[in-house]
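The values are calculated or read from the model by the stated rules, or taken from the named source; none is laboratory data. In this text, all values refer to a predicted model and were calculated from it rather than measured experimentally. A quick note on method: Cβ atoms are made from the backbone with ideal geometry, for glycine too, and the neighbour counts reach across all protein chains shown. Only protein heavy atoms, including side chains, enter the accessible area calculation; ligands, DNA and RNA are left aside. Shrake-Rupley method; radii C 1.70, N 1.55, O 1.52, S 1.80 Å.
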Protein chains: 2
Amino acid sequence: MREPGVKVKDRILETASRLFYDQGYNQTGINQIIEEADIARASLYHHYPSKTDLLLAYLDRTHELWFKELEAFMLPIHGPKERLLALFDFRTKRQLRLKYKGCHFSKIVAEACEDEGVFDRVRAHKERFRQYIYDLVVQADHRKLLDNEMLTDTLFLLLEGGIALGAMYRGPDYAEKAKRIAMSFL
Amino acid sequence: MREPGVKVKDRILETASRLFYDQGYNQTGINQIIEEADIARASLYHHYPSKTDLLLAYLDRTHELWFKELEAFMLPIHGPKERLLALFDFRTKRQLRLKYKGCHFSKIVAEACEDEGVFDRVRAHKERFRQYIYDLVVQADHRKLLDNEMLTDTLFLLLEGGIALGAMYRGPDYAEKAKRIAMSFL
DNA sequence: AACCGAACAGACAAGTCTGTCTAGTCACTT
DNA sequence: AAGTGACTAGACAGACTTGTCTGTTCGGTT
């Protein structure tokens, strides 16, 4: 194998990811993935035995890319307080690029997929994000209006609320408001 | 007409509403609605010319019931501050009953329905809820850590974030945390 | 030279989807 | 008595769904 099976398998996952997010998982058919990825039907089922497997791979890939993007975004920003505020910018910027369709993970949960593997991945993603916030909070010498745990949850809730409302209003307004609110007790 | 066409039409909408929320709009077929509502196919299309019409009726009905329920919940609670905190209890209690499947409106938006009528209704619902919060905030003599607009947005964001996270974790934890956080600057 | 994994094209199964249409029943109104 | 609106049952169209299966090609390894 010249390139070890990478190209086709990746093209499948990239195409599926784009369609799952833009159109929704249930509204995306195998046929459309095959056509847009320009691969053969059997190739898809060779790499991903079922549509559910493809969904789980989508969640894993999104999780990885998400944190990779976050790390890259955080690189030039120094200081825990600055970084906490940058979290809002990160998500706002990302949502602008994604046309305010909301969080990948909450979207999948909202589609009423009862697969336990899906929930596990969604929870793992959010839990890791909360931990990321917490680690910054303990480093920051904030105003101590709230203890570390509570400040973490406040920021977490503001971030998630801002994205959720952004998806409904199709705009950055509430994510930006959330940031201004966060600034006032950091 | 003995009962003016009410029974069948309502049974359709009730059944559709339950299924749309529990299973998702796209995963609910006309056939299932017909079967579970125990009505004839032509009756459904007589009252709702298309599935989209049924969806819009579902959103309207949910909006109405939502605020009716809220009013009933608020009836025994006096004082604006108490009522602001009761908003958290209202949504937590409701989500418990709904098995933490999240906000009806954000769920529909997450299913990638591009109909403008859907967005209009979602925004109208959320806007009215924010206004409801605002009206209580101006009455409350809060600690003025934040001005009225900002306090409104904070509570709004905490509420929406709590429900969104509740749907992903399938539990009341973050909605309850959101309430405790709200108490600290009311 | 034989084999194998990865890719291709495309037919096929068995079921689902929304929406239309026919045909007929019943209760109420004019 | 004729007509109307709400309802029933169920056939039908045409498209789409996921997944299987056959058969072929090609590059690389043993």
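Descriptive notes on the structure:
The rows are residues; the columns are (1) more than 7 Å from chain A (Cβ to nearest Cβ); (2) at pLDDT 95 or above; (3) open to solvent by 50 Å² or more (accessible area, probe 1.4 Å).
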{"position": "B:Ile108", "(1), (2), (3)": "yes, yes, no"}
{"position": "B:Val118", "(1), (2), (3)": "yes, yes, no"}
{"position": "B:Arg123", "(1), (2), (3)": "no, yes, yes"}
{"position": "B:Lys126", "(1), (2), (3)": "no, yes, no"}
{"position": "B:Leu158", "(1), (2), (3)": "no, yes, no"}
{"position": "B:Met168", "(1), (2), (3)": "no, yes, no"}
{"position": "B:Tyr174", "(1), (2), (3)": "no, yes, no"}
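- Conditions (1) open to solvent by less than 50 Å² (accessible area, probe 1.4 Å); (2) facing chain B (nearest Cβ under 9 Å); number of the one not met by A:Thr92: (2)
- Residue within region A:1-17 that is open to solvent by less than 20 Å² (accessible area, probe 1.4 Å), under 30 Å from A:Asp135 (Cβ atoms) and more than 12 Å from DNA strand D (Cβ to nearest atom) present: yes
- Candidates B:Ile133, B:Ile181, filtered to the one that is at pLDDT 95 or above, surrounded by 18 or more Cβ atoms within 10 Å (Cβ to Cβ) and more than 10 Å from chain A (Cβ to nearest Cβ): B:Ile133
- Taking region A:27-58 as the range and being more than 10 Å from DNA strand C (Cβ to nearest atom) and in contact with an Asp or Glu (Cβ under 9 Å, 6 or more places away or on another chain) as the test, the residues that pass are A:Gln27, A:Thr28, A:Thr52, A:Leu55, A:Leu56.
- Test: residue in region B:63-73 that is within 14 Å of another protein chain (Cβ to nearest Cβ) and touching a residue at least 12 places away in the same chain (Cβ under 8 Å): yes
- Subset tally (residues that are crowded, with 19+ Cβ neighbours inside 10 Å, under 23 Å from the mean Cα position of the chain (by Cα) and either within 27 Å of B:Ser50 (Cβ to Cβ) or within 13 Å of chain A (Cβ to nearest Cβ) (or both)) for region B:136-155: 5
- First in region A:9-38 and away from chain B (no Cβ under 14 Å) and under 24 Å from A:Ala110 (Cβ atoms), second anywhere and charged (D, E, K, R) and within 11 Å of DNA strand D (Cβ to nearest atom), Cβ under 7 Å, 6 or more apart: A:Ile30/A:Lys51
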